Every structure is written in structure tokens, then in C-alpha cells.
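Notes for the one structure printed next.
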Amino acid sequence: MADHDDLTSDSAPPWEEEPAERDENTADIFGAPPAEPVAAPAVVAPTPVAVEAPSDPDAAYTVLARKYRPRTFEDLIGQEAMVRTLANAFSSGRIAHAFMLTGVRGVGKTTTARLLARALNYETDTVHQPSVDLTVDGRHCKSIIEGRHMDVLELDAASRTKVDEMRELLDGVRYAPVEARYKVYIIDEVHMLSTAAFNALLKTLEEPPPHAKFIFATTEIRKVPVTILSRTQRFDLRRVEPDVLVKHFDRIAAKEGARVDADGLALIARAAEGSVRDGLSLLDQAIVQADRGATVSAAVIRDMLGLADRGHPGRFPRPVGFRGRSGGGDAGSAGPLPRFGRGQGLGARRPDPAQGTGRPPGRHRGPYLGRHPVAPVADVAEGP
Ligand SMILES: Nc1ncnc2c1ncn2[C@@H]1O[C@H](COP(=O)(O)OP(=O)(O)OP(=O)(O)O)[C@@H](O)[C@H]1O
Ligand SMILES: [Mg+2]
């Protein structure tokens, strides 16, 4: 009945409610003013990036790894060689058009990519050229950090692997930046792109317009075609040394008003296997182990990491089917173990000489599984 009422009501049928097509620049034939211009939709929406933690204590908790994302190149720990090279390139005006940042998980690739985007577009009232000194926020810094700058486009290759998506992105490359100096394309996890998408990228990467810069980040450099690699300037981000990590965690714990035993911090640093993010996640977990104001002891952290019992396989589970050298038992004595790349599970892989660049000699003998390394239990348990 209701339907019937609707049909017989005075309201116009749906096809008459649709706005009539008309030229927006001409006046209405009945004298109405021209229609408001409609804003053109952005081709690629930038992915929101991490923002500083809100100071409101009631606001949602931000994990330490996000809260302490470096805001300047000086804040980056353990990557001095890369920072020095970049600083020299910037000061001499020899800035590459494409950068490839590689290294294991959580050593600062995405962070560096965003810092680079800011450095390339750095501008203040007195500075009118790219600069790696980001101590004072430039005109574009805030919006780049918040992931809403029109000229800095961040693409997660892991979720946009297809060639059509790459073509859509590349279509926009020829247009000049709207307000910044350079149009910066950050392509994270670039190894996930399909072969066709990589091929679509080749031509632009060979001769990009002068206003375009590309920054790629990947944990799996071997999966990136050599044709792409040879068109980029490569930076290998290193695993961070345990003593550097300890100092970093100590500073952060102090800022958080938490007390953590020095031996406990050393245990966390060793378990992190050179990854700052892994270490900060463990620190996050450690801080809540003690009551507010009390010190988190090394014993508690040892327990948390699963090291109290030497026979325990460690904090992170071993891959299904993994037997170590003698089929289990003392994980700490499990000799030279296979290493797995990110998300690779048990895929048989040879050790990668390229990955070795960031690995201090004689360390990190344990395998790692993507973001969750199997802690080298023997190393940690026999630690400092
Ligand atoms: N070199 C570093 N110095 C200081 N903090 C770091 C560094 N590297 C990583 N971090 C911390 O780890 C967090 C994650 O870093 P980032 O996202 O840059 O890692 P990533 O190398 O891109 O890792 P993934 O390969 O997993 O994407 C940062 O927010 C920061 O807190
Ligand atoms: Mg990253």
C-alpha cells in the first residue's frame, strides 16, 4: 500500500530528480547564476601516515614505535652512513631522481622515505632549496608528516600491485607539483609490484620529468628487477647494534617515566636482532610488566622473552616443521639455521649476500620469520 502511495504522490519520479546536464560556465536560461565549479578528484589519495601521539592521557594509546618515529635525520639511530651520504648529496646539489631503501624490518626505511620527501620539499622563509636539516619544520613538513600533502603520494605496493594502478599513478607524473618543489612518489614494499607494473615503471624511471622524485622501500631487494635497481640510488639500512639500541630504549623508557633494569634493556636489544621496531614493541610489552613507578627487572623480561627455561623455544614460535639441528630440545645449540625472508614461511632460500650488508659479523645466527624473528636464544641467554 505504501508503495502505491509513493507512486501516486506528488513527488517527481526519480528520473526527473536527476540534475540536468548543463554547461557550468554559462548562465541559466532563467537567469540563475552559474553553478559552483566542482573540485577535480585527486588521482591518488595519499595514505595517512603516523602522527605524533596526542598529549591527552585519555586519548587512544599510541605504541612506542609509532610515537617515537624520528622527525629528523639526526633522530635516526644506526644509519649514520646513509645520512652522511644523503647530506653530502643534498649540499652539493647532486640529488638522485630515484632512491631505493632496503634493509630488514623496522630499521627505518619508511621513516627515511618520509624524511626524504620533507627534505626534498624543504622550504622556509629563509631556505629555498632541498635540505636535510629538518630541525625546524618547513612550510610543507606538517602536511607531509600527516600524509595529506598534494605533491607527496605514498603508495603501498603490497595492496596496489597491478599494472593499471601503476599506470594511473604514472599518468600524473607529467603534471607539475601543485605547491611544493617536487612531486614525490613513495612506493613502499616495492618488491610486491607485479612484473607488468615494474615494466610500466621502467620508462618513467629512466627519464622522469625534472619535478618528479621516486623513493622506493623494500625488505626484499632480490625481488626487485635489476632493471629497476640500476635506475635508482640504493641505500642499505643497517641492523642497529645492540648497544645503540640499549641507549635508545633507555631514553624512551625515561621519557615514558618507566624504569627498566639495564640488563633487561640489553636482553630486549639482543632479542630485537637489530630491528628498532621489534625492540620498541618488546619494550612496550616490558613496561607494563611492573606496577607504575616500580622497576622492571631483568628476570621479568627474561621471562617475558621466554628465556627463563633454556629449553623454551623463545618468544617467537618456530616455523611449523622446523626441527633445528637435532630435532628440537636445546634451541640455543641449534647451529647454523636457515634464514627466511619476510612472509616466506618455510620456502627454501639461500642466505642472501645482499642482506648481509646490514648484519654485524658473527651475530644474529637465528632465523627470522618476517616481523617475528626467532630470537637467537643462545646468544640472548648467555648475554651480558
Ligand atoms: N633507525 C631508526 N632510528 C630510530 N627509530 C627507528 C629506526 N628505525 C625504525 N625505528 C622505529 O621503528 C618504527 C618503524 O620504522 P619504519 O616504519 O621506518 O621501519 P621499516 O624499515 O619501514 O620497517 P618495515 O620493513 O617493517 O616496513 C619507527 O616508527 C621508529 O619508531
Ligand atoms: Mg616500512
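Ala158 - would you say it is assigned by TED's automatic domain parsing to the domain that holds Val104, farther than 18 Å from Arg94 by Cα and in contact with a Ser or Thr (Cβ under 8 Å, 6 or more places away or on another chain)? In short, no.
Ala119 meets each of the listed conditions (1) within 16 Å of ligand 2 (Cβ to nearest atom); (2) not in a loop (DSSP other than H, G, I, E, B) apart from (1). Taking segment 237-268 as the region of interest, how many residues are touching a Pro at 6+ places or on another chain (Cβ under 8 Å), more than 11 Å from Gly279 (Cα to Cα) and part of a helix (DSSP H, G or I)? Going through segment 237-268 one residue at a time, the tally reaches 1. Ala158 falls short on exactly one of the conditions (1) over 27 Å from Gly257 (Cα atoms); (2) at pLDDT 95 or above; (3) touching a helix residue (DSSP H, G or I) at 6+ places or on another chain (Cβ under 6 Å), and that condition is (2). For segment 101-116, a residue qualifies if it is over 16 Å from Asp75 (Cβ atoms) and either among the basic types (Lys, Arg) or more than 13 Å from ligand 1 (Cβ to nearest atom) (or both), and exactly one does: Arg105. A single entry from Thr135, Thr111, Thr102 fulfils the requirement of being under 29 Å from Leu245 (Cα atoms) and in contact with an Asp or Glu (Cβ under 6 Å, 6 or more places away or on another chain): Thr102. Considering Val132, Val127, Val107, which residue is surrounded by 21 or more Cβ atoms within 10 Å (Cβ to Cβ), touching a Gly at 6+ places or on another chain (Cβ under 8 Å) and in a loop (DSSP other than H, G, I, E, B)? So the residue among Val132, Val127, Val107 that is surrounded by 21 or more Cβ atoms within 10 Å (Cβ to Cβ), touching a Gly at 6+ places or on another chain (Cβ under 8 Å) and in a loop (DSSP other than H, G, I, E, B) is Val107. Looking at segment 166-176, is at least one residue loosely packed, with under 13 Cβ neighbours inside 10 Å, in contact with a helix residue (DSSP H, G or I) (Cβ under 9 Å, 6 or more places away or on another chain) and assigned to a helix (DSSP H, G or I)? No, because not a single residue in segment 166-176 is loosely packed, with under 13 Cβ neighbours inside 10 Å, in contact with a helix residue (DSSP H, G or I) (Cβ under 9 Å, 6 or more places away or on another chain) and assigned to a helix (DSSP H, G or I).
Of the residues making up segment 231-278, those that are basic (Lys, Arg) and touching a strand residue (DSSP E or B) at 6+ places or on another chain (Cβ under 9 Å) are Arg231, Arg234, Arg259.
For Ala158, the criteria (1) in contact with a Gly (Cβ under 6 Å, 6 or more places away or on another chain); (2) within 13 Å of ligand 1 (Cβ to nearest atom) hold in every case but one, which is (1).
Here is the figure for segment 226-237: residues that are more than 15 Å from ligand 2 (Cβ to nearest atom) and under 19 Å from Asp156 (Cβ atoms) total 2. In segment 24-38, the count of residues that are at pLDDT below 95 and either under 21 Å from the mean Cα position of the chain (by Cα) or within 16 Å of ligand 2 (Cβ to nearest atom) (or both) is zero.
The values are calculated or read from the model by the stated rules, or taken from the named source; none is laboratory data. Please read all numbers here as calculations on a predicted model, not as lab measurements. Note that we place each Cβ from the backbone using ideal geometry, even for glycine, and neighbour counts take in every protein chain shown.
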